[in-house]
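Each remark here refers to the structure printed beneath this line.
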Amino acid sequence: MRYGIDIPNFGPFGSARAVADLAASAEQAGWDGVFIWDHVVRREGDFPVVDPWVALTAAAAVTSRVRLGPMITPLPRRRPWNVAKAAVSIDEFSGGRFVLGVGTGTLRGPEFPAFGEETDARRRGDMLDEGLTVVRAVWSGAPVSFAGAHYRIDGVRFLPGPVSPAGIPIWSATEVARGRSVRRAASLDGIALSGIEPADLPDLLAEIGRHRTGTDAFEVAAISQRDDAAEWQQAGATWWLRELAWQWPLPRVAELVAAGPPGR
């Protein structure tokens, strides 16, 4: 199993420099990945907030080995072609280390209603599915013509493409062990789990198996604030991401990150 840190993009982490410093420390301490949340505002109050794509670029500049990516970006409140281009830009800059984590976003806060974004869960799911189609088309390097219910592209070619011919890995988020979000992830490269217990993983993996074709590697990333990496490994997870608490001061977080992954 591989290990990563999952950084809130606000509060004490609300600057590109803070994220870059944590990323450099994480790589030196033996972590395998550095991931970051994607929020604009928070329900808990007013905090400094850093753009996750800028922060990821800063992290890429001070590392050479760890995987990097948003975990997760709510694709329905972003233009999918802009996400695709930003992902490729950081992928190229980092030497092919980028992972794109996506989801529908959460209504536990003001980010969607305060900006007039879509609040209906089913429609956000439709936008995510359509947006993923656009992202993968953009990465193909071929001219893209697309007319969907939510997005349209008229014969535009986007260059360059991802560093790897296989493309940039896409992990989709879920907070439940079955249903549309799990079926969506089965068609991608991995799944990011939040709010799910290790005991739920066998049923989730069985659901993935019912909807996944092919034998390509599939990543299962468990996001947790608890010291439960061993439980997740035994259950079948391939990644364990330590979610850093936004309430913690930076010195406490820096100490945790510098201590390295559990068992190493």
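Against the definition (out of contact with any Ser or Thr (no Cβ under 8 Å at 6 or more places or on another chain), closer than 16 Å to PRO160 by Cα and part of a helix (DSSP H, G or I)), how does ALA114 come out, yes or no? Judged against the criteria, ALA114 is not a match.
Based on this model, can you work out whether SER164 counts as closer than 26 Å to GLY33 by Cβ, in contact with a Lys or Arg (Cβ under 6 Å, 6 or more places away or on another chain) and at pLDDT 95 or above? In short, no.
Does ALA137 satisfy the condition of being loosely packed, with under 15 Cβ neighbours inside 10 Å and at pLDDT 95 or above? No, not satisfied.
So, in region 25-48, of the ones that are among the aliphatic types (A, V, I, L, M) and surrounded by fewer than 19 Cβ atoms within 10 Å (Cβ to Cβ), which residue ends up farthest from GLU92 (Cα to Cα)? Among those that are among the aliphatic types (A, V, I, L, M) and surrounded by fewer than 19 Cβ atoms within 10 Å (Cβ to Cβ), it is VAL41. Set side by side, the residues VAL19, VAL62, VAL99 differ, and just one is β-branched (Val, Ile, Thr), buried (at least 23 other Cβ atoms within 10 Å of the Cβ) and over 28 Å from HIS150 (Cβ atoms), which is VAL19.
Look at region 115-129: where a residue is touching a residue at least 60 places away in the same chain (Cβ under 8 Å) and a partner is among the hydrophobic types (A, V, I, L, M, F, W, C), sitting 6+ places away or on another chain with Cβ atoms under 8 Å, you get PHE115/VAL40.
Scan region 230-238 and give yes if some residue there is surrounded by 11 or more Cβ atoms within 10 Å (Cβ to Cβ) and within 21 Å of ASP38 (Cβ to Cβ), otherwise no. Within region 230-238, not a single residue is surrounded by 11 or more Cβ atoms within 10 Å (Cβ to Cβ) and within 21 Å of ASP38 (Cβ to Cβ). Selection of region 85-130 for residues being among the small types (Gly, Ala, Ser) and over 17 Å from the mean Cα position of the chain (by Cα) yields GLY95, GLY109, ALA114, GLY116, ALA121.
Restricted to region 1-41, and to residues there that are of a type in the set (Gly, Ala, Ser), out of contact with any strand residue (DSSP E or B) (no Cβ under 6 Å at 6 or more places or on another chain) and without any contact (Cβ under 8 Å) to a residue 60 or more places away in the chain, the residue that is farthest from TRP248 (Cα to Cα) is ALA24. The lone criterion from (1) more than 18 Å from PRO70 (Cβ to Cβ); (2) of a type in the set (A, V, I, L, M, F, W, C); (3) touching a residue at least 40 places away in the same chain (Cβ under 8 Å); (4) in contact with a strand residue (DSSP E or B) (Cβ under 6 Å, 6 or more places away or on another chain) left unmet by PHE146 is number (3).
Quick one: in region 102-125, which of the residues that are surrounded by 14 or more Cβ atoms within 10 Å (Cβ to Cβ) and more than 23 Å from GLY69 (Cα to Cα) is modelled with the highest pLDDT? It would help to see each step written out before you state the result.
Within region 102-125, the first condition is being surrounded by 14 or more Cβ atoms within 10 Å (Cβ to Cβ), and the residues that meet it are 102-107, 109, 111-112, 117-118, 123-125.
Those left that are additionally more than 23 Å from GLY69 (Cα to Cα): 117-118, 123.
On the way: GLU117: 92, GLU118: 93, ARG123: 96.
Among those that are surrounded by 14 or more Cβ atoms within 10 Å (Cβ to Cβ) and more than 23 Å from GLY69 (Cα to Cα), it is ARG123.
Annotation note: of LEU250, LEU244, the sole residue that is within 25 Å of PHE10 (Cβ to Cβ), in contact with an Asp or Glu (Cβ under 9 Å, 6 or more places away or on another chain) and surrounded by fewer than 21 Cβ atoms within 10 Å (Cβ to Cβ) is LEU250.
The values are calculated or read from the model by the stated rules, or taken from the named source; none is laboratory data. Keep in mind the model is a prediction, meaning the values are calculated, not measured. Don't worry about glycine lacking a Cβ; one is built from the backbone with ideal geometry, like all the others, and counts go over all protein chains shown.
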